[in-house]
Amino acid sequence: MARNRVLVFDTTLRDGEQSPGCSMNLNEKLTLARQLDRLGVDIIEAGFPIASEGDFDAVKAIAAQVRRPVIAALARATERDIECAWNAIKQAAKPRIHTFLATSDIHLEHKLKLTREEALAQARAAVRAAKSLCNDVEFSPEDATRTDLAFLCAVVEAVIEEGATTINIPDTVGYATPREFARIIETLRTRVNGIDRATVSAHCHNDLGLAVANTIAALEAGARQVECTINGIGERAGNASLEEIVMALKTRGDVMPFETAVAAEELFPASQLLTESTGVAVQPNKAIVGRNAFAHEAGIHQDGMIKNKTTYEIMTPQSVGVPDSRLVLGKHSGRHALALKCEELGYRFERREMDRIYRRFVTLADEIKVVEDAQIADIIRDETRQASAA
Ligand code: KIV
Ligand code: ZN
């Protein structure tokens, strides 16, 4: 694999699906998995099979039917979980067991009641058990960013010795800053014996709105797998958004020379499909896939867009599968955009006629915020009638 190739690990169906309001049934999960396949993600984390029968069945169906990507299943660091995960994915063309154990003192003390030594032994045993079933094993030290760094290095070294092929570093509670997160990745890459035998991965949550920035910082520090979700769905404030990572790398390849295999024009269809399946809409100003991501209302911006789209757009809407940019007609819009809309509706006006239409448009826009085509057509018809009656 080329040095700068980044593996995209999609966890929409696992970390994403477990967030409030985002649950999906088996058919919806299969349909989404097929869209993720079209999108070109490298790994689909299909679910957490021990969590429920429904999860198990969905992971099993995806493993049987979606054959190109690696299909991963999540398991806590216990034999029972690991066996269950394996039973769900063993028919996959490329199965992966993803096992995890918390390593921060906060989690060890309050949640797991384990000493560091016990946790290290459990992590080792879990990876050994997973490796006896499946060659492709990923290990995540949960809450890695709040874990003592020397202990984190010791755990990572131990699980690589047991055969883990991917080491995923989760910022479980979205606490890290980009520089801190990069330093953790750099430290692992320099201090851990055998780290070159594994792919280092970043898994960032968005509690401080830093998930994508932290993920990119991890790539710059040597990580080569990113864990992310469509529309950034996930626990609490969500996971790093797949579409934002992919388009940041694509648009700013000049300063971030990384490549993914994602077919960017499938991003918007994937986002729409997820919204339809879950009923959870994305915020209008969401980067890349939000309703306003390629919409322009301000007069100065609309004027620029009419003259040349590169004035206010750093990527084309078509490049991410959005049909076109939108000039939204509201009170901030200028004459240029209104004249263009009139032309689209089949009318061309002299300057004085256009002035009258524009005044009426602004009065209406002040009241109702966004003026739709039909309302502009009404104003035009009314003005034309009055002009011919005069
Ligand atoms: O956020 C997290 O720590 C996780 C792990 C299970 C990888 O989702
Ligand atoms: Zn997570």
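The values are calculated or read from the model by the stated rules, or taken from the named source; none is laboratory data. Just so you know, these numbers come straight off a predicted model, no measurement behind them. Here the Cβ positions follow ideal geometry from the backbone for every residue, glycine too, while neighbour counts run over all protein chains shown.
Each row is one residue, and each column tells you yes or no for (1) within 14 Å of ligand 2 (Cβ to nearest atom); (2) closer than 23 Å to Glu244 by Cα.
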| site | (1), (2) |
| --- | --- |
| Ala2 | no, yes |
| Phe9 | yes, yes |
| Arg14 | yes, yes |
| Leu30 | no, no |
| Ala46 | no, yes |
| Asp57 | no, no |
Being assigned to a loop (DSSP other than H, G, I, E, B) and buried (at least 20 other Cβ atoms within 10 Å of the Cβ) narrows it down to one of Ala92, Ala63, so name that one.
Ala92
Inter-residue pairs, beta-carbon under 6 Å, first within 10 Å of ligand 2 (Cβ to nearest atom) and in the stretch 223-236, second among the aromatic types (Phe, Trp, Tyr), 6+ apart:
Glu227/Phe9
Could you say whether any residue in the stretch 36-45 is assigned to a loop (DSSP other than H, G, I, E, B) and of a type outside the set (Gly, Ala, Ser)?
yes
Residue list for the stretch 1-15, filter: away from ligand 1 (no atom under 12 Å from the Cβ) and within 16 Å of Ala51 (Cβ to Cβ):
Thr12, Leu13
I'd like to know if the stretch 101-110 contains one or more residues that are hydrophobic (A, V, I, L, M, F, W, C), at pLDDT 95 or above and under 26 Å from the mean Cα position of the chain (by Cα).
yes
Scan the stretch 199-222 for residues that are touching an Asp or Glu at 6+ places or on another chain (Cβ under 9 Å), closer than 20 Å to Val41 by Cα and more than 16 Å from ligand 2 (Cβ to nearest atom) and jot them down.
Thr199, Gly222
Given the residues Ala164, Ala129, which is the only one that is over 17 Å from Asp196 (Cβ atoms) and crowded, with 18+ Cβ neighbours inside 10 Å?
Ala129
What is the number of the single condition among (1) at pLDDT below 95; (2) away from ligand 1 (no atom under 15 Å from the Cβ) that Gln18 does not meet?
(2)
When residues of the stretch 231-279 are filtered for being among the charged types (D, E, K, R) and under 15 Å from the mean Cα position of the chain (by Cα), how many remain?
7
When residues of the stretch 219-262 are filtered for being of a type in the set (Asp, Glu) and part of a strand (DSSP E or B), how many remain?
2
Quick check: anything in the stretch 41-50 more than 20 Å from the chain's Cα centre (by Cα) and not aromatic (Phe, Trp, Tyr)?
yes
Could you tell me whether Ala176 is buried (at least 22 other Cβ atoms within 10 Å of the Cβ) and more than 23 Å from the chain's Cα centre (by Cα)?
no
For residues that are exposed (fewer than 12 other Cβ atoms within 10 Å of the Cβ) and of a type outside the set (A, V, I, L, M, F, W, C), tally how many sit in the stretch 306-354.
12
So which pairs qualify, if the first residue must be in the stretch 309-333 and closer than 29 Å to Phe361 by Cα, the second must be in a loop (DSSP other than H, G, I, E, B) and aromatic (Phe, Trp, Tyr), the Cβ gap must be under 8 Å, and the two must be at least 6 apart or on different chains?
Glu313/Phe294; Pro317/Phe294; Val322/Phe294; Asp324/Phe294; Ser325/Phe294; Arg326/Phe294
Can you tell me which residue among Thr199, Thr177, Thr166 is without any contact (Cβ under 8 Å) to a residue 40 or more places away in the chain and either among the polar types (S, T, N, Q) or more than 23 Å from Ser241 (Cβ to Cβ) (or both)?
Thr177
Between a first residue in the stretch 125-142 that is in contact (Cβ under 8 Å) with a residue 60 or more places away in the chain and a second residue that is assigned to a helix (DSSP H, G or I), which pairs have beta carbons less than 9 Å apart while being 6 or more apart in sequence or on different chains?
Glu138/Ala130
Top-ranked residue in the stretch 140-167 [being on the phi < 0 side of the Ramachandran plot and of a type in the set (Asp, Glu); ranked as nearest to ligand 2 (Cβ to nearest atom)]:
Glu142
